[in-house]
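Inspection log for the structure reproduced underneath, given as structure tokens.
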Amino acid sequence: MAVRDTKNSGSHNASRKYGVICRQEEACIVRKMGVAEKDTAGLGSLGALFSCMRAGDTLCVPGVASFASSAGDLWMKMQSLSARGAGFQSGSERYLDFSCTSPLPAVVAETLKAFASREAGFVSWVQCSRLPEAAKMALAVRIRAESIAGIALVFQNNGIRKKGG
């Protein structure tokens with residue numbers, strides 16, 4: 001991933017699209033979303049990518065399941081982007097898209113917070129249970145995976161249908 005050179009680039013106000021992929025096969029998806037190859041990074045480079053993003057930039061992901069490990073993780077990443085004035089675009093869940101000019105709708109934000117809260121409650125309950133440690137860890141991983149899969153299902157492109165459609 002190329003880091004923005006703010007001293008020598010003539011366009012300080014030009015917004016850019018950055019892509020995050022989990023697997024190399026997902027690169028073509030973010031390319032179709034308008035992300036240049038040099039602006040695509042893996043999940044391991046997310047911190048560096050966030051640090052070079054500015055207001056008006058957009059983070060593009062193939063889908064939330066490959067971008068976040070849990071509902072809480074997704075909520076925190078989206079809050080971080082929003083605080084920077086950056087946008088978010090998902091190839092699979094377009095109802096989660098937001099930008100600095102079109103913020104995340106309140107109902108979507110509340111839904112994400114509810115998923116994250118419910119997930120945290122289940123994981124906390126598991127951690128307090130009398131299950132063996134290995135079972136607790138496995139169950140917590142499963143809860144997080146199911147939670148992010150639930151978000152993907154709720155917000156997938158064809159998830160909201162118009163009346164009569």
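Matching residues to (1) under 22 Å from ALA145 (Cα atoms); (2) of a type in the set (Gly, Ala, Ser); (3) touching a Gly at 6+ places or on another chain (Cβ under 6 Å); (4) modelled with pLDDT under 90:
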site: ALA36; (1), (2), (3), (4): no, yes, no, no
site: THR40; (1), (2), (3), (4): no, no, yes, no
site: SER70; (1), (2), (3), (4): yes, yes, no, no
site: MET76; (1), (2), (3), (4): yes, no, no, no
site: GLY87; (1), (2), (3), (4): no, yes, no, no
site: TYR95; (1), (2), (3), (4): yes, no, no, yes
site: ALA106; (1), (2), (3), (4): no, yes, no, yes
site: LEU112; (1), (2), (3), (4): yes, no, no, no
site: ARG118; (1), (2), (3), (4): yes, no, no, no
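On the given criteria, is ALA140 surrounded by 16 or more Cβ atoms within 10 Å (Cβ to Cβ) and within 18 Å of ALA65 (Cβ to Cβ)? Steps first, answer last, please.
Working: surrounded by 16 or more Cβ atoms within 10 Å (Cβ to Cβ): yes; within 18 Å of ALA65 (Cβ to Cβ): yes.
So ALA140 passes the test.
Report the residue count in the range 43-99 for those that are assigned to a loop (DSSP other than H, G, I, E, B) and either within 24 Å of VAL154 (Cβ to Cβ) or in contact with an Asp or Glu (Cβ under 8 Å, 6 or more places away or on another chain) (or both).
First, pick out the residues of the range 43-99 that are assigned to a loop (DSSP other than H, G, I, E, B): 53-57, 62-63, 68-70, 85-86, 91-93, 97, 99.
Among the residues that remain, those that are also either within 24 Å of VAL154 (Cβ to Cβ) or in contact with an Asp or Glu (Cβ under 8 Å, 6 or more places away or on another chain) (or both) are: 62-63, 68-70, 86, 91-93, 97, 99.
Qualifying residue count for the region: 11.
Could you pull out the residue among VAL64, VAL107 that is under 11 Å from the mean Cα position of the chain (by Cα) and not small (Gly, Ala, Ser)? Quick ask: steps written out before the conclusion?
On the way: VAL107 fails: under 11 Å from the mean Cα position of the chain (by Cα).
Result of the check over VAL64, VAL107: VAL64.
Which of (1) of a type outside the set (Lys, Arg); (2) buried (at least 19 other Cβ atoms within 10 Å of the Cβ); (3) assigned to a helix (DSSP H, G or I) does ALA27 not meet, given it meets every other one?
Evaluating ALA27 over (1) of a type outside the set (Lys, Arg); (2) buried (at least 19 other Cβ atoms within 10 Å of the Cβ); (3) assigned to a helix (DSSP H, G or I) leaves (2) as the failure.
So which of VAL141, VAL123 is closer than 20 Å to GLY63 by Cβ, of a type in the set (Val, Ile, Thr), at pLDDT 95 or above and part of a helix (DSSP H, G or I)? Lay out the reasoning, then the answer.
On the way: VAL123 fails: closer than 20 Å to GLY63 by Cβ.
Going through VAL141, VAL123 in turn, just one is closer than 20 Å to GLY63 by Cβ, of a type in the set (Val, Ile, Thr), at pLDDT 95 or above and part of a helix (DSSP H, G or I): VAL141.
The values are calculated or read from the model by the stated rules, or taken from the named source; none is laboratory data. It should be emphasised that the depicted structure is a prediction, and the values quoted were computed from it without experimental measurement. We place every Cβ from the backbone using ideal geometry, glycine too, and count neighbours over all the protein chains shown.
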